[in-house]
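I have placed the structure first, in the form of structure tokens, so that the comments after it can refer back to it.
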């Protein structure tokens, strides 16, 4: 064999070996990975050594708030799945009304049984500051971080008369008969409720409305409650109002909480 032929064969063999080495290196260093960004999967090939490299190579934006399923310095492996959840944190401000309370004050300048509004109630306003977190554009949390009163509420003040009427001498003789005119005395368990609803009889509940068991106290019945020295009308009912129970409508949740649950005597007016 001539020198020239040996030279050509040597060059061809060297080239084939080089191609084999390149192919082997390509297979060894090329990694197929799956990127999950904004919930979408992307299959990519990369020669990068770690997670950070493949993210930068594919121009995936992220910051310190974002959640990455693998550490940035984790070595890239064939078949690896890397999920990037983009997290956005921000602060929002909302306003909310502060309900006013109704305060009843005794007044001996008014006749007993009379009431008078001496101060109108006014709702206040408060500012609520929340931290909200979105992941991939979806709200995942909303946390109250600060609450500030912008304007305080003003109580509604009602004067309740305590002044006794001057009566004739014969009034003492008729006292017992006057008491009996109140009607049948019934001992009940009394709770309270509030809110903007419609009663079972189709009316709007107000101070003077009570919910009853209509099989015990029929709708439309006038009921006298000594604790308030006031007549109420049975206009509503409720799932938990069974038997000798009543529910008194009040103007605010705080009044309901103050009342709680009490055992009282009421009079069914005939």
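Bear in mind these aren't lab numbers, they're just calculated from the coordinates by the rules spelled out. Owing to the predicted nature of the structure, the values given are computational and were not obtained by experimental measurement. All Cβ positions, glycine included, derive from the backbone under ideal geometry; neighbour counts span all protein chains shown.
In units of the rule-of-thumb radius 2.2 N^0.38 Å, the stretch 181-268 shows an alpha carbon radius of gyration of 0.97. Using DSSP, restrict attention to beta bridges with both residues in the stretch 181-268 and report what percent are antiparallel, rounded to the nearest 5. Counting DSSP beta bridges with both partners in the stretch 181-268, the antiparallel share is about 65 percent. Remark on the stretch 30-85: hydrodynamic radius 11.0 angstrom, per the Kirkwood mean of 1/r across alpha carbon pairs. Note on residue 197 and residue 63: the model spin-label points, each 7 Å out from Cα along the C-beta direction, lie 4.7 nm apart. Using only alpha-carbon positions in the stretch 38-196, the gyration tensor eigenvalues give semi-axes of 75, 19, 9 Å once each is multiplied by 5 and square-rooted (largest first). Taking label points 7 Å from Cα along the Cα-to-Cβ direction, residue 47 and residue 105 give a separation of 8.8 nm. Modelled this way, with points 7 Å down the Cα-to-C-beta line, the labels at residue 146 and residue 71 are 3.7 nm from one another. The relative contact order of the stretch 215-270, computed from alpha carbon pairs under 8 Å that lie at least 6 residues apart in sequence, is 44 percent. Extension gain, residue 262 to residue 88, is 57.6 nm, computed as 0.36 nm per intervening residue step minus the present C-alpha separation.
A full extension of the chain between residue 30 and residue 116 corresponds to an added length of 22.2 nm, given 0.36 nm per residue minus the alpha carbon distance.
Which whole-angstrom value gives the distance between the alpha carbon centres of the stretch 101-124 and the stretch 190-233? Spelled out, the Cα-based centre of one part sits 21 Å from the other.
From the convex hull of the Cα coordinates of the stretch 97-148, what is the mean projected area in square nanometres? Over every viewing direction, the Cα hull of the stretch 97-148 projects on average to 6.0 nm². In plain terms, the residue of 247, 97, 229 with the fewest other Cβ atoms within 10 Å comes first and the most crowded comes last, giving 97, 229, 247.
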